[in-house]
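Engineer: Provided herewith is a single structure, encoded as structure tokens, for subsequent inquiry.
What follows draws every value from the coordinates through simple rules; no lab data is involved. Only a predicted model underlies this, so the values are computations on that prediction, with no experimental measurement involved. Please note: Cβ atoms are built from the backbone with ideal geometry, for glycine as well, and neighbour counts cover all protein chains shown.
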Amino acid sequence: MSEKKVVFSGIQPTGTIHLGNYLGAVQGWVNRQDTKDNFFCVVDLHALTVPQEPDLLRQQTRELTALLIACGIDPDKSTLFIQSHVAAHAEACWLLNCVTPLGWLHRMTQYKDKAAKQESILTGLLDYPVLMTGDILLYDAHEVPVGDDQKQHVELARDIAIRFNNLYDSPFFVVPEVVIPPVAARVMGLNDPAVKMSKSHSHIRGHAVALLDEPKEILRSFKKAVTDNHNEIAFSADPERAGVNNLLGIYKAITGKPNDAVEADFANARGYGDLKVGVAELVIKTLAPIKARYEQLIADPAELDRILAQGAAQANAVAAAKVDAMKHLMGLVVPGGAHVASAE
Ligand code: AQP
């Protein structure tokens, strides 16, 4: 058996991923591929928790898969798959619903934020963290690398795992740890540095930098980034200076340099204009090879289908056995279930 720690992480196909998704999540996934046993999932079932246009969702799901590979996810090193291709995810969600107190879900801040923006709140939106818990627990993931915004959901997954173990069989589930990136855990909107950069705000011009944006568009978004009147290029925790802090944080996350080296790179800048152009040029240079590789992949649908089938088969081999064992513990008759009972 592999000694490597198991990692699970997911991303929603709700639009082209942006610099926040890339620096807060995907870049870390890519960098840990050789040292961990990774499951990376395009979580299309999660996307359904708010209304979607069916053809567009299908298209975005394929595009996101291609984009993840273009970013450096290697399907021969990591298991890359679409959530709805592995039926165990929906099944695990139902089973875990039946051990999760409703009050735990009402406390989730992302639910409260998203629900406040919906005219009619779907049950799935409230249940989103339970589906996510199933995603993680099915693979006995030790680590869940996510941006800061998902921390509360992983903590809930831990609580549900412990509750299930206490009710049925300890230690049936591995209790997962959240892994937050040391930098870029929360990339903020360029137009409003008080708000997290988000796919659902991408329609606001200048808010997000999508990974497939044209260089001209990227430069324009950075040039328009909201800053302040202090005219000092330095990291700061002052909310008034969040815009400059965000620009420096993006630069730091890409270069991997410490704070003083980042500030030194801008020591001769004539003002925020130079800072904005400097960060934009670095982002453009970083995204150019990703965009080129993406164009090749998306032009070859048969190869994408092959990769997706391979990922689904690998994920299914793990998840189907785990969900059968869950069913058995909870008192369900698993078809041909002697193998589950005899594995005890
Ligand atoms: N602004 C961000 N900074 C750092 N990390 C971020 N992530 C998202 N936004 C930022 C991380 O990206 C991963 C995938 O996120 P997701 O697509 O599954 O869902 P999300 O967190 O809801 O991302 P968005 O862009 O805000 O999407 P919408 O608008 O559709 O809800 C996660 O690890 C997340 O933490």
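Engineer: Let's see if you can work this out: charge +1 on each Lys and Arg Cβ, -1 on each Asp and Glu Cβ, no other charges. What is the dipole magnitude of region 136-184 about its Cα centre, in debye to the nearest 20?
Structural biologist: In total the dipole reaches around 80 debye.
Engineer: Give me the distance between the Cα centres of region 185-209 and region 141-166, rounded to whole Å.
Structural biologist: First find each Cα centre; the distance between them is then 26 Å.
Engineer: Where is the GNM fluctuation largest for the chain (alpha-carbon springs, 10 angstrom cutoff): Trp104, Trp94, Trp29?
Structural biologist: Residue with maximal mean-square fluctuation among Trp104, Trp94, Trp29: Trp104.
Engineer: Separation between the Ala234 and Thr255 pseudo-spin-labels, each 7 Å from Cα along Cα→Cβ, expressed in nm?
Structural biologist: Distance between the two pseudo-spin positions: 1.7 nm.
Engineer: Among Leu248, Pro301, Val226, which residue has its Cα positioned farthest towards the positive end of the charge dipole of region 223-344, with +1 placed on the Cβ of Lys and Arg, -1 on the Cβ of Asp and Glu, and the dipole taken about the Cα centre?
Structural biologist: Checking the options against the dipole of region 223-344, the answer is Pro301.
Engineer: Place +1 on the Cβ of every Lys and Arg and -1 on the Cβ of every Asp and Glu in the chain, take the dipole about the Cα centre, and give the residue among Ala264, Leu67, Asn31 whose Cα lies farthest towards its positive end.
Structural biologist: Among Ala264, Leu67, Asn31, the one farthest towards the positive end of the dipole of the chain is Ala264.
Engineer: Could you rank the peptides 303-312, 123-132 by their average count of other C-beta atoms within 10 Å per residue, with the highest value first?
Structural biologist: 123-132, 303-312
Engineer: Oh, and also: Give me Thr255, Thr133, Thr109, Thr16 sorted ascending by neighbouring Cβ count inside 10 Å, so fewest comes first.
Structural biologist: The order, fewest Cβ neighbours first, is Thr109, Thr255, Thr16, Thr133.
Engineer: For the pair Asp55 and Ala320, what calculated FRET efficiency results from E = 1/(1 + (r/R0)^6), where r is the Cβ-Cβ distance and R0 = 25 Å, to the nearest 0.05?
Structural biologist: FRET efficiency, Ala320 to Asp55: 0.25.
Engineer: Near the amide H of Val6, under 5 Å away, which other amide H atoms are found, from residues 5 or more places off or on another chain, if H is placed in the peptide plane?
Structural biologist: Asp37, His142, Glu143
Engineer: OK, next. Calculate for the chain the 222 nm mean residue ellipticity that helices alone would give, adding -39,500 (n - 2.57) per DSSP H run of length 4 or more and normalising by residue count, nearest 500 deg cm²/dmol.
Structural biologist: That comes out to -15500 deg cm²/dmol.
Engineer: Roughly how many whole Å is it from the C-alpha centroid of region 45-74 to that of region 261-304?
Structural biologist: 22
Engineer: On to the next question. For the residue pair Lys224 and Glu281, what label-to-label distance in nm results when each label sits 7 Å from Cα along the Cα-to-beta-carbon direction?
Structural biologist: 2.3
Engineer: What residues qualify as long-range amide H neighbours of Val179, i.e. H under 5 Å apart, gap of 5 or more or another chain, H built at 1.01 Å from N?
Structural biologist: Those qualifying (amide H under 5 Å, at least 5 residues apart or on another chain) are Val144, Val146.
Engineer: Find the all-direction average of the projected area of the Cα convex hull for region 254-344, expressing the result in square nanometres with one decimal place.
Structural biologist: That works out to 11.9 nm², a quarter of the Cα hull's surface.
Engineer: If the chain were replaced by its equivalent ellipsoid, with semi-axes equal to the square roots of 5 times the Cα gyration tensor eigenvalues, what would those be, largest first, whole Å?
Structural biologist: 38, 22, 19
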